[in-house]
1. What ranking do A:206-214, B:340-348 get when scored by the average of other Cβ atoms within 10 Å per residue, highest first?
2. Give the aspartates and glutamates reachable from A:LYS221 as a straight Cα distance under 19 Å; neighbours fewer than 8 places away on the same chain don't count.
3. May I ask for the net charge around B:ALA176, where only other residues with Cβ less than 9 Å from the Cβ of B:ALA176 are counted and Lys, Arg are +1 while Asp, Glu are -1?
4. Could you point to the residue in B:VAL233, A:PRO281, B:ALA304 farthest towards the positive end of the protein assembly as shown's charge dipole, with +1 and -1 charges on the Cβ of Lys/Arg and Asp/Glu respectively?
5. Just rank B:LYS8, B:LYS249, fewest to most, by other beta-carbon atoms within 10 angstrom.
6. In what order do A:TYR284, A:TYR118, A:TYR351 fall by count of nearby beta-carbon atoms within 10 Å, going from fewest to most?
7. Which far-off residues, 5 or more places away or on another chain, put their amide H under 5 Å from the one on B:LEU7, with H placed in the peptide plane?
8. Considering only C-alpha atoms, what is the centroid distance from segment B:192-214 to segment A:397-419, in Å?
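Nothing in this text is a laboratory measurement; each read-out follows from the coordinates by a stated rule. From a predicted model like this one, the values you see are computed outputs, not experimental measurements. Here Cβ is always computed from backbone atoms with ideal geometry, including for glycine, and neighbour counts include all displayed protein chains.
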Protein chains: 2
Amino acid sequence: MGKSTPLKVALLGCGVVGSQVARQLLAQAEDLRARIGRPLELVGIAVNNLGKERPGIDRELLTDDALSLASRPDVDLVIELMGGIEPARTLLLAAINAGSSVITANKALLAEDGPTIYSAAEEAGVDVYFEAAVAGAIPIVRPLRESLVGDEVTTVMGIVNGTTNFILDKMHTDGADFAEVLAEAQRLGYAEADPTADVEGFDAAAKAAILASLAFHSRVKLADVTREGITSVTASDIDAAKEMGCVIKLLARCALSEDGTIAVGVHPTMVPLAHPLASIPGAYNAIFIESRNAGRLMFMGKGAGGSPTASAVLGDLVTAARNRVRGARGPGESTYSGRTITEAGLERSRYYASLTVHDEPGVLAEVAATFANHGVSLQAVRQESVGEQARLGVMTHLAFHREVSGAIADLDRMPTVQPGISLMRVEGD
Amino acid sequence: MGKSTPLKVALLGCGVVGSQVARQLLAQAEDLRARIGRPLELVGIAVNNLGKERPGIDRELLTDDALSLASRPDVDLVIELMGGIEPARTLLLAAINAGSSVITANKALLAEDGPTIYSAAEEAGVDVYFEAAVAGAIPIVRPLRESLVGDEVTTVMGIVNGTTNFILDKMHTDGADFAEVLAEAQRLGYAEADPTADVEGFDAAAKAAILASLAFHSRVKLADVTREGITSVTASDIDAAKEMGCVIKLLARCALSEDGTIAVGVHPTMVPLAHPLASIPGAYNAIFIESRNAGRLMFMGKGAGGSPTASAVLGDLVTAARNRVRGARGPGESTYSGRTITEAGLERSRYYASLTVHDEPGVLAEVAATFANHGVSLQAVRQESVGEQARLGVMTHLAFHREVSGAIADLDRMPTVQPGISLMRVEGD
């Protein structure tokens, strides 16, 4: 192939990100050609609605026959930006089987059934790149797959969902409750009409599964991720966090447990103000990594939006295209380590429990004894009288979730303790 | 070659970083083998002093004949951690000519004469990786070369020298002068006995040249970098920064100018507290990137030290080794854009000038008029009377350095203005 023979690109999906990718392929054509060594030619865009207005997009490129486009044998690179499990999986497999390298931002599919895609690509000798699937524009997949590949990562955690970060930010600033801020976020377009995927933590959990797979060279699926959304975070939780010098963030956290298994969870978490993740503002995502040699690293950037996500897609596109030109391949799936998931309840964290008790002598001692009975040692206790009641805030040292849950269950049964104990993880040790 | 045939590795230099790399090659041998697909075998370490005690290092591996080791035709990968221009350059070229891929942390050599190394590697068909040359453990070379390669970077800037960041931090905290804090940093081992390379900004300037080359696909050398160290930063500069809601950081800054040229400089700079770089503490480095699509990104981590730097070296080693195993090559030098350096004086910034004047009517007007005569518009002015003198602090809007310098030169000649005007860049617009 001569240097002027274009590499053919097919695009599946033309929403906010897809249309930006299509426009940038034109706008940056000369730079991309110079960086790849051959020009790119966008040969087709699969859409659901052929009639929709798409400014800056050549109508001639549109097709509603995605399968035919994805399967074209003359295409070199297929970009999938439709999202969801099907038909995205079928289309990606068709593209791979037709010999195309693929670029996808589809976190749901990769977290649900990534190995099927990776295996097909391995067999076909093509690349799968997916930088845009986690934390938008932030380069995190490549650093984990390549930069840190000579190191041993022990923790990857981060703020990987902008909607929930925006909502929690507003709850801190305004002192408002979740429902109120959600309604505002929906008005402003920061939250979807059906916000479930975001506020229940499914989106973050898919990203956590992908991060854990990469960091620990193992297969981690969405179903392996313990998940808790932010819908039950209250204004009084926020107040409690403030009192403890923390902010509440929805953290996706993947960590090596002491027994060599991997704990992967998404939970609203109190983050001490001194921690770099504490100050990440609403629109941003951030990933924090700890590894044996590198120590602490943090990556911050825009986690969503057309242009930032398009940047990640185009970086992958250039990399995959360069590989084509050189007859090379990027790194494939790495699962040699084969770590399993930490048994439920054996993940460790600090915890903060808020409870209301009858304000009478001996209650605090009883509460403390309950934690001690379950092997949980306490780092700090705050007590505040409210009439005949007292509100207790209890911060534990690092403890197994099973032990803390046991203590909470016992407390729940005590006549002096009011129903509705709130329990939250606290980052750090 | 079978899967059990080792890839042979030679190490040039066995100081803090080199010895950590050697130890990790043993400690992580099984992981590295799994990640690469073949084992690594360290076949030799070139040192100056064969007699020195090196805990954990097999004496049998040591040699003082670096050239013979680097030139061994049976070696696959050569790691250069000696630093300095010679003999590092000769050794790297010998290794490349013998068919080895090379990994280096040598920022001075790459900033001085990188193209010689890159061209030799291109001709020999081998890889040059150098993640450790800039900002230690922070993955920044790979994100610039690969993740952001589908985007247009407009600014890369950062805190890339830990020694000066530590000193400036202490000056802020303790209110002490430069000389005093330097002496303390030297006692604590944070600054070298001869601190010139750090405090005069040479180290940061070499890194700036490398970052600019990568970000703008052009050749930028150390000599292209305007450079100002921190030796003349005074306690009263720090006070002025605080008054303006800023901290002083030594920033390496590479930015696309409006005329398409590149401005690359290292200067003590006032950074507003709200900027993510403002809160980077002493021991850390951070790189901040702005690009057309991705928007703002920041990367933070340890910029120096044996283990963090070894992490970057080993990541490169695995990548280069994988390429060997697959018969592939990583990205080479990219200079297609051929941008030149912004003409001296035509780089733009905000500036803060501190000057002492006779406290008499009309002086402030005269000062303001002087800036206006040079086309510099002012954003803020502070005046404070001290006896018969007044101290003025003047913050400009974005202005060409030539214009601001012209105004300062005129002010210096005014009888009402005391000698010794202090001028500092201010980040942001």
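1. In descending order of packing, they fall as A:206-214, B:340-348.
2. Straight-line reach from A:LYS221, under 19 Å: A:GLU86, A:GLU112, A:ASP113, A:GLU131, A:ASP198, A:GLU200, A:ASP203, A:GLU333, A:GLU343, A:GLU347.
3. Working: positive: B:LYS170; negative: B:ASP174, B:ASP177, B:GLU180, B:GLU184.
Net local charge, B:ALA176 excluded: -3.
4. B:ALA304
5. Ascending number of Cβ neighbours within 10 Å: B:LYS8, B:LYS249.
6. On the way: A:TYR284 24, A:TYR118 20, A:TYR351 27.
The most exposed by this proxy come first: A:TYR118, A:TYR284, A:TYR351.
7. Amide H neighbours of B:LEU7: B:LEU40, B:GLU41.
8. What the calculation gives is 55 Å, centre to centre.
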